[in-house]
């Protein structure tokens, strides 16, 4: 069969294995993206999680010398959760962002791309292929935009007419000259709801994000969270969905059809206190299949402490005191001390005064003093 016939055959196969959207684009360099990435680095807006080599991010031929085209895929994930458990006094809960619900999307999309590779090589044995999801060199969003999966929105997400912005993206560089898909026109118009509602002002302007201020990034860091952002995090223990939930294009997009991503309510909206006593092993056994677990338990536990402070959950104070006094991690001791002050109980005051006399790490001492300051402010 000729290339066009094979391309149609491939599109049908992709749908049969659960890929929600597929598009094609040339493997020519991403010149506009290159300029944007250079500007991001100059402004200090990059997260540091990205591939640092901008040439590799924008020149597919550096990743596959025979590159002719790129296949982009999208798989939708749910925006709604049935029977979500309530967060109540004495049983406070955190929340994982929707992009971490169900099975780790890296695993799911890699499996789909592997099936696509096998299908292609069965029909075109001489084809050269290279697939990637999220952690690869190419920008998933730039590829998806050029391949007609959706348009690049002001909130820096790809929005599809069918599934909104609740889609995971992946791509495959190929040596096959597939016909390019038609690109989609920007449909954001004058709307700027995502820019106006961003809790930390991380969305600088349409399509430009300061990742250093983005809650989705901050919840994945392993250091002490800056004072400026603690109140903004709320009960988020991984990621942030605010710029998606506000988007009119996401209205009515439930996307409940992908079994792999259906959430376990107790995992995506977990009780906060039990998180604080988890070992590395128990954390991995419980949450290891979720993408939100990729940084390990430390950031999740730190964020859980911030969430308990957000709720002013007095029942958590004994556990927080124990963490402040005995935990070996300065970030956890310090965050616990700050949270004790925010919750503001008599037992907490006694414990903070005692810890101030025994703590030796200056970073933690600073947090203890912040905690004590809350008691002064309350008077």
Just give me the residues in segment 25-50 being in a loop (DSSP other than H, G, I, E, B) and either surrounded by 16 or more Cβ atoms within 10 Å (Cβ to Cβ) or more than 22 Å from the chain's Cα centre (by Cα) (or both), in sequence order. 27, 28, 29, 30, 45, 46, 47, 50
So which residues in segment 187-225 are under 20 Å from residue 40 (Cβ atoms), surrounded by fewer than 17 Cβ atoms within 10 Å (Cβ to Cβ) and at pLDDT 95 or above? 201
Residues of segment 246-257 being crowded, with 17+ Cβ neighbours inside 10 Å and part of a helix (DSSP H, G or I), which ones? 249, 250
Which numbered condition in (1) in contact with a strand residue (DSSP E or B) (Cβ under 9 Å, 6 or more places away or on another chain); (2) in a helix (DSSP H, G or I) is the only one that residue 136 fails? (2)
When the residues of segment 258-288 are narrowed to those that are touching a strand residue (DSSP E or B) at 6+ places or on another chain (Cβ under 7 Å) and in a loop (DSSP other than H, G, I, E, B), which ends up surrounded by the most Cβ atoms within 10 Å (Cβ to Cβ)? 270
Single unsatisfied condition, residue 349 versus (1) under 12 Å from residue 276 (Cβ atoms); (2) without any contact (Cβ under 8 Å) to a residue 60 or more places away in the chain: (1)
Qualifying positions in segment 125-136 - surrounded by fewer than 17 Cβ atoms within 10 Å (Cβ to Cβ) and closer than 12 Å to residue 174 by Cβ: 126, 127, 128
Residue 108 modelled with pLDDT of 95 or more, more than 25 Å from residue 202 (Cα to Cα) and crowded, with 21+ Cβ neighbours inside 10 Å: yes
Residue that is out of contact with any helix residue (DSSP H, G or I) (no Cβ under 9 Å at 6 or more places or on another chain) and either surrounded by 18 or more Cβ atoms within 10 Å (Cβ to Cβ) or at pLDDT 95 or above (or both), where the choices are 325, 378, 360: 360
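The values are calculated or read from the model by the stated rules, or taken from the named source; none is laboratory data. Being a predicted model, the structure only gives us computed values, none of them experimental. Every residue, glycine as well, gets a Cβ built from its backbone with ideal geometry; the counts of neighbours run over all protein chains shown.
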